1. From the helices alone, meaning DSSP H stretches of at least four residues, give me the mean residue ellipticity at 222 nm for the chain, per-run term -39500 (n - 2.57), in deg cm²/dmol to the nearest 500.
2. Just to check I understand the Karplus step: with θ = phi - 60° and J = 6.51 cos²θ - 1.76 cosθ + 1.60, what whole-Hz values come out for the range 68-73, glycine and proline as x?
3. What translational diffusion coefficient, to the nearest whole µm²/s, does the chain have by Stokes-Einstein, given a Kirkwood radius computed over alpha-carbon pairs, a temperature of 4 °C and 1.567 mPa s viscosity?
4. At a Cα cut-off below 16 Å, give the lysines reachable from LYS2, other chains included and same-chain residues fewer than 8 away excluded.
5. Compute the distance in nm between two label points, each set 7 Å from the Cα along the Cα-to-Cβ direction, one at ASP47 and one at ARG232.
6. Given a Förster radius of 35 Å and the C-beta distance between GLU84 and GLN116 as r, what FRET efficiency does 1/(1 + (r/R0)^6) yield to the nearest 0.05?
7. Which translational diffusion coefficient, to the nearest whole µm²/s, is obtained for the range 111-163 from the Stokes-Einstein equation, given a Kirkwood hydrodynamic radius over C-alpha pairs, 25 °C and 0.890 mPa s?
8. Using only the Cα atoms, what convex hull volume per residue in Å³ does the range 154-256 have?
Amino acid sequence: MKTAIVTGGASGIGQAVARELAKRGVHVTIADIRKADEPGCAYAELDVTDAAAVQAVYQGVRDEHGRLDFVFNNAGIAVGGRAEEFTLAHWNLAIDVNLRGVVHGVHAAYPIMLEQGFGHIVNTASAAGLTPAPLMLPYTTTKHAVVGLSLGLRAEARRHGVRVSVVCPGFTDTPLLDNANPGLPQTEIGAHAREGARKAQGRLYPVDDLARDILRGVARNQALIVAPASGRVAWRFTRLAPSVAVRIAGAAARRLEVARIGRA
């Protein structure tokens, strides 16, 4: 039986991916700081900022089942606000969870997959990692880094039989939007992240649809898995006209600030 680890699998995108994998007969271990009770899935308590703990969980799954087929380094947090509002605590927590958490997962999984000669690492970034995304710069920064990490590793790993993909979703209907800036000083933008996301994208993408998109992309060994269609349009437009994309993003950010804060 194939095995998978999904970090951040107690809710949101990770939970939907874990559920879909289990439906397809994969033995799934949900690794999350919060207790997960997803039918058909095992659970391991894990804080992805703890490199030794990540190593122990990943190696433990490999030792128990004799193989590690899929790793979804998915755990993340949302950070929203204007650049001048952020403290270093905002930046550091975003980097620790969204970037170092992925680094720890890659560092633990890649040697295992090199040794066995197969496996697929799937890192969750964001459409904010492909486009100019203001009003959430710590988040945006980490997601751009995850895209770079994933594509670079994919280039290295290919000759060893190991696959790497990066998921770049647009705004998705998950609890992440209701818990921006967790444990940090709150901002006006962060407190209304769900509303801002809905204004930016029109509607929030259903998480179960995204999970199916992700697994379809994994099956096809796509380097970049971008969904929904509006996210792909924004990504392609940014590639074609980056300066124009920055101006459009700036105007959208201004409109959102005026709407939320009530000043021109």
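1. That comes out to -15500 deg cm²/dmol.
2. Karplus values, whole Hz, x for Gly and Pro: 9, 8, 9, 10, 10, 7.
3. Estimated via Stokes-Einstein, D reaches 70 µm²/s.
4. LYS23
5. With each label placed 7 Å out from Cα toward Cβ, I get 4.0 nm.
6. It comes to 0.15.
7. In µm²/s, the coefficient rounds to 203.
8. Cα-based convex hull of the range 154-256, divided per residue, equals 145 Å³.
Since every read-out is calculated from the coordinates, none of them should be taken as a lab result. Everything numeric in this text was worked out from a predicted model, so none of it was measured. Note that each Cβ is placed from the backbone with ideal geometry, even for glycine, and that neighbours are counted across all protein chains shown.
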